[in-house]
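Take a look at the structure set out below.
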Amino acid sequence: MKAVAAFVMRSRYQAALVGAITAILALLIPPLLIISIAAVILPTLRLGHREGVLVAVIATGAASLLLLPAFGFGSLLEAGQLLAFYWLPGWLLGVVLRWSVSLAFTMISAATLGIVVILGFFLLLEDPVQWGLTLLRQMVVPLMQSTQLVENQAALEEFLALVSPFMPGFVVSGFVTILLGGLLLGRWWQALLYRPGGFRSEFHELRLGKLPALLSVAVVVLGVIFNALPLANLVPTLLVLYTVQSFALVHGLVGRARLSQGWLIGFYVLMLFAPQFMLLVALLALMDPWVDFRHRVGRTPPGGRGDGSS
(Lines give C-alpha, C1' and ligand atoms only; values in the text may rest on other atoms or scores of the structure.)
Protein backbone atom coordinates (compact mmCIF):
# COMPACT_ATOMS: atom_id res chain seq x y z
CA MET A 1 0.00 0.00 0.00
CA LYS A 2 2.87 2.37 0.65
CA ALA A 3 4.02 1.91 -2.95
CA VAL A 4 0.54 2.83 -4.20
CA ALA A 5 0.50 5.95 -2.00
CA ALA A 6 3.95 6.96 -3.25
CA PHE A 7 2.80 6.46 -6.85
CA VAL A 8 -0.24 8.68 -6.23
CA MET A 9 1.92 11.47 -4.81
CA ARG A 10 4.42 11.56 -7.68
CA SER A 11 2.13 13.74 -9.81
CA ARG A 12 -1.48 14.79 -10.15
CA TYR A 13 -1.72 12.79 -13.38
CA GLN A 14 -0.66 9.57 -11.67
CA ALA A 15 -3.13 10.22 -8.85
CA ALA A 16 -5.89 10.81 -11.42
CA LEU A 17 -4.93 7.63 -13.29
CA VAL A 18 -5.19 5.55 -10.11
CA GLY A 19 -8.52 7.18 -9.31
CA ALA A 20 -9.92 6.57 -12.80
CA ILE A 21 -8.72 2.97 -13.20
CA THR A 22 -9.88 1.82 -9.76
CA ALA A 23 -13.25 3.53 -10.25
CA ILE A 24 -13.79 1.64 -13.51
CA LEU A 25 -12.65 -1.65 -12.00
CA ALA A 26 -15.13 -0.96 -9.20
CA LEU A 27 -17.87 -1.80 -11.70
CA LEU A 28 -16.75 -5.39 -11.09
CA ILE A 29 -15.26 -5.02 -7.58
CA PRO A 30 -17.16 -2.19 -5.77
CA PRO A 31 -14.74 -1.84 -2.78
CA LEU A 32 -12.11 -0.50 -5.20
CA LEU A 33 -14.03 2.78 -5.05
CA ILE A 34 -12.36 3.27 -1.66
CA ILE A 35 -8.95 3.39 -3.35
CA SER A 36 -10.32 5.70 -6.04
CA ILE A 37 -11.55 8.20 -3.46
CA ALA A 38 -8.33 7.94 -1.44
CA ALA A 39 -6.39 8.86 -4.60
CA VAL A 40 -8.20 12.23 -4.52
CA ILE A 41 -8.08 12.70 -0.76
CA LEU A 42 -4.33 12.12 -0.34
CA PRO A 43 -3.21 14.98 -2.65
CA THR A 44 -5.85 17.19 -1.03
CA LEU A 45 -4.51 16.47 2.44
CA ARG A 46 -0.88 16.96 1.46
CA LEU A 47 -0.99 19.70 -1.17
CA GLY A 48 -4.27 21.53 -0.60
CA HIS A 49 -7.75 21.93 -2.03
CA ARG A 50 -6.65 23.19 -5.45
CA GLU A 51 -4.48 20.14 -6.12
CA GLY A 52 -7.24 17.82 -4.96
CA VAL A 53 -9.87 19.28 -7.26
CA LEU A 54 -7.45 19.17 -10.20
CA VAL A 55 -6.89 15.47 -9.56
CA ALA A 56 -10.67 14.90 -9.46
CA VAL A 57 -11.26 16.77 -12.73
CA ILE A 58 -8.39 15.02 -14.53
CA ALA A 59 -9.66 11.66 -13.23
CA THR A 60 -13.07 12.48 -14.71
CA GLY A 61 -11.51 13.06 -18.13
CA ALA A 62 -9.41 9.90 -17.89
CA ALA A 63 -12.41 7.80 -16.81
CA SER A 64 -14.45 9.19 -19.70
CA LEU A 65 -11.78 8.14 -22.21
CA LEU A 66 -11.38 4.69 -20.65
CA LEU A 67 -15.16 4.14 -20.65
CA LEU A 68 -15.61 5.41 -24.22
CA PRO A 69 -15.43 1.97 -25.93
CA ALA A 70 -18.17 0.58 -23.67
CA PHE A 71 -20.49 3.57 -23.28
CA GLY A 72 -19.75 5.76 -26.31
CA PHE A 73 -20.79 9.35 -25.75
CA GLY A 74 -22.45 8.22 -22.55
CA SER A 75 -18.98 7.73 -21.05
CA LEU A 76 -18.88 11.42 -20.14
CA LEU A 77 -22.11 10.98 -18.17
CA GLU A 78 -20.73 7.93 -16.37
CA ALA A 79 -17.51 9.79 -15.49
CA GLY A 80 -19.56 12.79 -14.37
CA GLN A 81 -21.47 10.57 -11.98
CA LEU A 82 -18.20 9.36 -10.48
CA LEU A 83 -17.15 12.98 -10.02
CA ALA A 84 -20.44 14.03 -8.45
CA PHE A 85 -21.07 11.03 -6.21
CA TYR A 86 -17.56 10.08 -5.09
CA TRP A 87 -14.62 12.28 -6.09
CA LEU A 88 -16.07 15.68 -5.16
CA PRO A 89 -17.52 14.47 -1.82
CA GLY A 90 -14.18 12.75 -1.13
CA TRP A 91 -12.33 15.94 -2.03
CA LEU A 92 -14.63 17.89 0.31
CA LEU A 93 -13.84 15.51 3.18
CA GLY A 94 -10.14 15.95 2.45
CA VAL A 95 -10.57 19.73 2.63
CA VAL A 96 -12.45 19.43 5.93
CA LEU A 97 -9.79 17.14 7.43
CA ARG A 98 -6.94 19.38 6.26
CA TRP A 99 -8.69 22.41 7.78
CA SER A 100 -9.92 20.85 11.02
CA VAL A 101 -7.06 18.35 11.64
CA SER A 102 -9.76 16.23 13.28
CA LEU A 103 -10.63 12.80 11.96
CA ALA A 104 -13.68 12.67 14.25
CA PHE A 105 -15.05 16.00 12.98
CA THR A 106 -14.52 14.92 9.36
CA MET A 107 -16.30 11.60 9.92
CA ILE A 108 -19.22 13.43 11.49
CA SER A 109 -19.22 15.77 8.48
CA ALA A 110 -19.48 12.74 6.16
CA ALA A 111 -22.43 11.38 8.13
CA THR A 112 -24.05 14.83 8.14
CA LEU A 113 -23.73 14.97 4.36
CA GLY A 114 -25.46 11.61 4.17
CA ILE A 115 -28.23 12.78 6.50
CA VAL A 116 -28.84 15.88 4.35
CA VAL A 117 -29.11 13.69 1.24
CA ILE A 118 -31.58 11.33 2.95
CA LEU A 119 -33.78 14.18 4.12
CA GLY A 120 -33.55 15.56 0.59
CA PHE A 121 -35.13 12.33 -0.67
CA PHE A 122 -38.17 12.90 1.51
CA LEU A 123 -38.42 16.61 0.73
CA LEU A 124 -37.89 16.45 -3.03
CA LEU A 125 -39.31 13.08 -4.09
CA GLU A 126 -43.05 12.84 -4.32
CA ASP A 127 -43.05 9.22 -3.14
CA PRO A 128 -39.73 7.95 -1.69
CA VAL A 129 -41.30 4.58 -0.90
CA GLN A 130 -42.27 4.04 -4.53
CA TRP A 131 -38.75 5.12 -5.56
CA GLY A 132 -37.32 2.48 -3.24
CA LEU A 133 -39.73 -0.16 -4.55
CA THR A 134 -38.78 0.62 -8.15
CA LEU A 135 -35.07 0.43 -7.31
CA LEU A 136 -35.54 -2.90 -5.54
CA ARG A 137 -37.43 -4.34 -8.49
CA GLN A 138 -34.59 -3.32 -10.80
CA MET A 139 -31.91 -4.78 -8.53
CA VAL A 140 -33.33 -7.71 -6.60
CA VAL A 141 -35.95 -9.31 -8.83
CA PRO A 142 -33.67 -10.04 -11.85
CA LEU A 143 -30.99 -11.42 -9.49
CA MET A 144 -33.42 -13.73 -7.71
CA GLN A 145 -34.95 -14.87 -10.98
CA SER A 146 -31.54 -15.58 -12.52
CA THR A 147 -30.58 -17.69 -9.51
CA GLN A 148 -34.00 -19.33 -9.40
CA LEU A 149 -34.64 -18.17 -5.86
CA VAL A 150 -38.16 -16.95 -6.62
CA GLU A 151 -40.40 -19.76 -5.44
CA ASN A 152 -43.14 -17.74 -3.81
CA GLN A 153 -44.06 -14.55 -5.66
CA ALA A 154 -46.28 -13.40 -2.81
CA ALA A 155 -43.43 -13.74 -0.30
CA LEU A 156 -41.16 -11.76 -2.64
CA GLU A 157 -43.71 -8.97 -2.91
CA GLU A 158 -44.05 -8.92 0.87
CA PHE A 159 -40.27 -8.62 1.22
CA LEU A 160 -40.11 -5.76 -1.30
CA ALA A 161 -42.92 -3.90 0.46
CA LEU A 162 -41.17 -4.34 3.81
CA VAL A 163 -37.76 -3.09 2.65
CA SER A 164 -38.67 -0.39 0.11
CA PRO A 165 -39.55 2.36 2.67
CA PHE A 166 -35.97 2.20 3.97
CA MET A 167 -34.14 2.15 0.63
CA PRO A 168 -33.10 5.84 0.75
CA GLY A 169 -31.33 5.16 4.05
CA PHE A 170 -29.70 1.95 2.82
CA VAL A 171 -28.49 3.52 -0.43
CA VAL A 172 -27.04 6.61 1.23
CA SER A 173 -25.43 4.60 4.03
CA GLY A 174 -23.63 2.62 1.32
CA PHE A 175 -22.26 5.87 -0.14
CA VAL A 176 -21.20 7.05 3.32
CA THR A 177 -19.44 3.73 3.96
CA ILE A 178 -17.41 4.11 0.76
CA LEU A 179 -16.59 7.75 1.55
CA LEU A 180 -15.43 6.93 5.08
CA GLY A 181 -13.34 4.06 3.74
CA GLY A 182 -11.66 6.43 1.27
CA LEU A 183 -11.13 9.01 4.00
CA LEU A 184 -9.47 6.53 6.36
CA LEU A 185 -7.35 5.04 3.58
CA GLY A 186 -6.21 8.48 2.42
CA ARG A 187 -5.30 9.45 5.98
CA TRP A 188 -3.44 6.17 6.46
CA TRP A 189 -1.51 6.72 3.22
CA GLN A 190 -0.55 10.19 4.41
CA ALA A 191 0.80 8.74 7.66
CA LEU A 192 2.70 5.97 5.84
CA LEU A 193 4.51 8.50 3.67
CA TYR A 194 5.05 11.44 6.00
CA ARG A 195 4.39 10.38 9.60
CA PRO A 196 4.86 6.65 10.17
CA GLY A 197 2.74 5.43 13.07
CA GLY A 198 0.69 8.62 13.16
CA PHE A 199 -2.51 7.05 11.90
CA ARG A 200 -2.31 4.25 14.46
CA SER A 201 -2.28 6.61 17.42
CA GLU A 202 -4.92 8.88 15.86
CA PHE A 203 -7.29 6.01 15.11
CA HIS A 204 -6.79 4.36 18.49
CA GLU A 205 -7.85 7.59 20.24
CA LEU A 206 -10.74 8.42 17.88
CA ARG A 207 -13.74 9.76 19.80
CA LEU A 208 -16.85 11.24 18.22
CA GLY A 209 -17.98 12.97 21.41
CA LYS A 210 -21.08 13.18 23.57
CA LEU A 211 -23.22 15.51 21.45
CA PRO A 212 -23.23 13.32 18.31
CA ALA A 213 -24.00 10.29 20.51
CA LEU A 214 -26.94 12.09 22.16
CA LEU A 215 -28.29 13.26 18.81
CA SER A 216 -28.00 9.73 17.40
CA VAL A 217 -29.93 8.27 20.33
CA ALA A 218 -32.53 11.02 19.96
CA VAL A 219 -33.02 10.15 16.27
CA VAL A 220 -33.63 6.49 17.10
CA VAL A 221 -35.97 7.22 20.03
CA LEU A 222 -38.01 9.85 18.18
CA GLY A 223 -38.21 7.64 15.12
CA VAL A 224 -39.69 4.83 17.21
CA ILE A 225 -42.06 7.04 19.22
CA PHE A 226 -43.47 8.92 16.24
CA ASN A 227 -43.04 6.13 13.68
CA ALA A 228 -41.26 8.71 11.51
CA LEU A 229 -40.00 7.19 8.28
CA PRO A 230 -37.43 9.95 7.53
CA LEU A 231 -35.84 9.48 10.96
CA ALA A 232 -35.84 5.70 10.56
CA ASN A 233 -33.93 6.13 7.29
CA LEU A 234 -31.17 7.99 9.14
CA VAL A 235 -30.39 4.98 11.32
CA PRO A 236 -28.28 3.01 8.77
CA THR A 237 -25.96 6.00 8.27
CA LEU A 238 -25.62 6.49 12.02
CA LEU A 239 -24.91 2.77 12.36
CA VAL A 240 -22.09 3.08 9.81
CA LEU A 241 -20.61 6.02 11.72
CA TYR A 242 -20.64 4.24 15.07
CA THR A 243 -19.45 0.97 13.59
CA VAL A 244 -16.28 2.78 12.47
CA GLN A 245 -16.06 4.31 15.95
CA SER A 246 -16.36 0.80 17.40
CA PHE A 247 -13.44 -0.34 15.21
CA ALA A 248 -11.35 2.46 16.69
CA LEU A 249 -12.51 1.49 20.18
CA VAL A 250 -11.54 -2.17 19.75
CA HIS A 251 -8.18 -1.30 18.15
CA GLY A 252 -7.51 1.12 20.99
CA LEU A 253 -8.37 -1.45 23.66
CA VAL A 254 -6.18 -4.10 22.03
CA GLY A 255 -3.32 -1.62 21.75
CA ARG A 256 -3.59 -0.39 25.33
CA ALA A 257 -3.87 -3.91 26.74
CA ARG A 258 -0.94 -5.00 24.55
CA LEU A 259 -2.91 -7.98 23.23
CA SER A 260 -1.95 -9.95 20.13
CA GLN A 261 -3.31 -9.17 16.67
CA GLY A 262 -5.29 -12.40 16.90
CA TRP A 263 -7.89 -10.52 18.95
CA LEU A 264 -8.45 -8.11 16.08
CA ILE A 265 -8.70 -10.97 13.59
CA GLY A 266 -11.28 -12.67 15.80
CA PHE A 267 -13.21 -9.41 16.10
CA TYR A 268 -13.46 -8.93 12.33
CA VAL A 269 -14.34 -12.58 11.72
CA LEU A 270 -17.16 -12.24 14.23
CA MET A 271 -18.34 -9.04 12.55
CA LEU A 272 -18.34 -10.83 9.20
CA PHE A 273 -20.21 -13.96 10.20
CA ALA A 274 -22.46 -12.51 12.93
CA PRO A 275 -23.78 -9.17 11.60
CA GLN A 276 -25.97 -8.74 14.67
CA PHE A 277 -22.72 -8.35 16.63
CA MET A 278 -22.32 -5.03 14.80
CA LEU A 279 -25.27 -3.62 16.76
CA LEU A 280 -23.62 -4.56 20.06
CA VAL A 281 -20.27 -2.95 19.25
CA ALA A 282 -22.03 0.15 17.85
CA LEU A 283 -23.92 0.40 21.15
CA LEU A 284 -20.62 0.19 23.06
CA ALA A 285 -19.26 2.97 20.84
CA LEU A 286 -22.30 5.10 21.71
CA MET A 287 -21.63 4.53 25.41
CA ASP A 288 -17.90 5.24 25.14
CA PRO A 289 -18.07 9.06 25.59
CA TRP A 290 -19.37 8.51 29.12
CA VAL A 291 -17.74 5.18 30.07
CA ASP A 292 -14.36 5.78 28.34
CA PHE A 293 -13.47 2.11 27.99
CA ARG A 294 -9.94 2.84 26.75
CA HIS A 295 -9.08 4.98 29.79
CA ARG A 296 -10.19 2.14 32.05
CA VAL A 297 -7.73 -0.24 30.40
CA GLY A 298 -4.80 2.13 30.93
CA ARG A 299 -2.33 4.27 29.08
CA THR A 300 -1.15 3.54 25.56
CA PRO A 301 2.07 1.52 25.83
CA PRO A 302 5.20 3.42 24.79
CA GLY A 303 6.75 2.75 21.43
CA GLY A 304 4.33 0.78 19.31
CA ARG A 305 4.51 -0.35 15.76
CA GLY A 306 5.84 2.36 13.46
CA ASP A 307 4.00 1.25 10.33
CA GLY A 308 0.72 3.07 10.81
CA SER A 309 -1.19 -0.22 11.04
CA SER A 310 -3.71 -1.72 13.42
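General remarks:
- Selection of the range 217-242 for residues being open to solvent by 20 Å² or more (accessible area, probe 1.4 Å) and free of Cβ contacts under 8 Å to residues at least 24 places away in the same chain yields A218, V219, V220, V221, L222, V224, I225, F226, N227, A228, L231.
- Exclusive hit being surrounded by 14 or more Cβ atoms within 10 Å (Cβ to Cβ), within 25 Å of V117 (Cα to Cα) and touching a Ser or Thr at 6+ places or on another chain (Cβ under 8 Å), set L33, L68: L33
- Any chance G209 is within 18 Å of the chain's Cα centre (by Cα) and either touching a residue at least 24 places away in the same chain (Cβ under 8 Å) or open to solvent by 40 Å² or more (accessible area, probe 1.4 Å) (or both): no
- Among the residues making up the range 44-54, those that are open to solvent by less than 70 Å² (accessible area, probe 1.4 Å), assigned to a helix (DSSP H, G or I) and more than 15 Å from W188 (Cβ to Cβ) are E51, G52, V53, L54.
- Pick from the range 244-275, criterion under 19 Å from the mean Cα position of the chain (by Cα) and modelled with pLDDT under 90, ranking: nearest to R296 (Cα to Cα): M271
- From the options A23, A6, A62, residue that is part of a helix (DSSP H, G or I) and open to solvent by less than 10 Å² (accessible area, probe 1.4 Å): A23
- Matching residues in the range 190-204 - criterion: being under 15 Å from S102 (Cβ atoms) and among the charged types (D, E, K, R): E202
The values are calculated or read from the model by the stated rules, or taken from the named source; none is laboratory data. This one's a predicted model, so the numbers in the text were calculated from it and none came from an experiment. Quick reminder, even Gly has a Cβ in these numbers, built from the backbone with ideal geometry, and neighbours come from all protein chains shown. Each accessible area value is taken on the protein alone, full model and side chains, heavy atoms only, with ligands, DNA and RNA left out. Shrake-Rupley method; radii C 1.70, N 1.55, O 1.52, S 1.80 Å.
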